Amino acid sequence: LRVLDRTSVQKQKRVPIFSHLPQYEGHHAVSLQVGLDKEEIHPAILRLGVKFAEGVIVGSNARCMAMLTALKDAVRDFEGNEGKEMKRDLMDMLKPIIRFVAVDCRAMSLGMGNAIRYIKTAINNLENGVSLTQGKESILE
């Protein structure tokens, strides 16, 4: 994510103790010009990232719940490749999502890290040869 508008604070609004530092207005426009293919990231995750970056969703529990809801949508809409194992497909889907949420938008909270670890464990615990529908249902539970 990239900040597009960083207007400087007017001189009469500057805080004297911080006068040696650059001061900016609090409102920033955020753009979704990230270095990833739009096909790699589910639209619900993109919306979540913008909300994280703009500060719309704050607090570790609220961010974790919002992330889990967006991941639920991403898993529900996931379509695997026929030639690959479903576990590998799901993990390949998660990698850019985690990188986008944790690196490009905002640092992950402890709860978010634990939730992602739990989801990865649930994916790895899926039996080999399980159908895509059954695997999704198992993960979404």
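The values are calculated or read from the model by the stated rules, or taken from the named source; none is laboratory data. Remember, predicted model here, so these are calculated numbers, not experimental data. Counting neighbours? That spans all protein chains shown, and the Cβs are built from the backbone with ideal geometry, glycine included. We work out accessible area using only protein heavy atoms, side chains counted, and drop any ligands, DNA or RNA first. Shrake-Rupley method; radii C 1.70, N 1.55, O 1.52, S 1.80 Å.
Ile45 is checked against (1) in contact with a Phe, Trp or Tyr (Cβ under 9 Å, 6 or more places away or on another chain); (2) modelled with pLDDT under 90 and fails just one. What number does that condition carry?
Among (1) in contact with a Phe, Trp or Tyr (Cβ under 9 Å, 6 or more places away or on another chain); (2) modelled with pLDDT under 90, Ile45 violates only (2).
Applying the selection to the stretch 79-105, what residues are open to solvent by less than 20 Å² (accessible area, probe 1.4 Å) and not in a helix (DSSP H, G or I)?
Within the stretch 79-105, no residue meets the criteria.
Would you point out the residue of the stretch 53-78, among those that are charged (D, E, K, R) and assigned to a helix (DSSP H, G or I), that is nearest to Glu137 (Cα to Cα)?
Only one residue fits best here, namely Arg76.
Looking at Val130, Val75 in this structure, which one is touching a Leu at 6+ places or on another chain (Cβ under 9 Å), touching a residue at least 40 places away in the same chain (Cβ under 8 Å) and surrounded by 14 or more Cβ atoms within 10 Å (Cβ to Cβ)?
Val75
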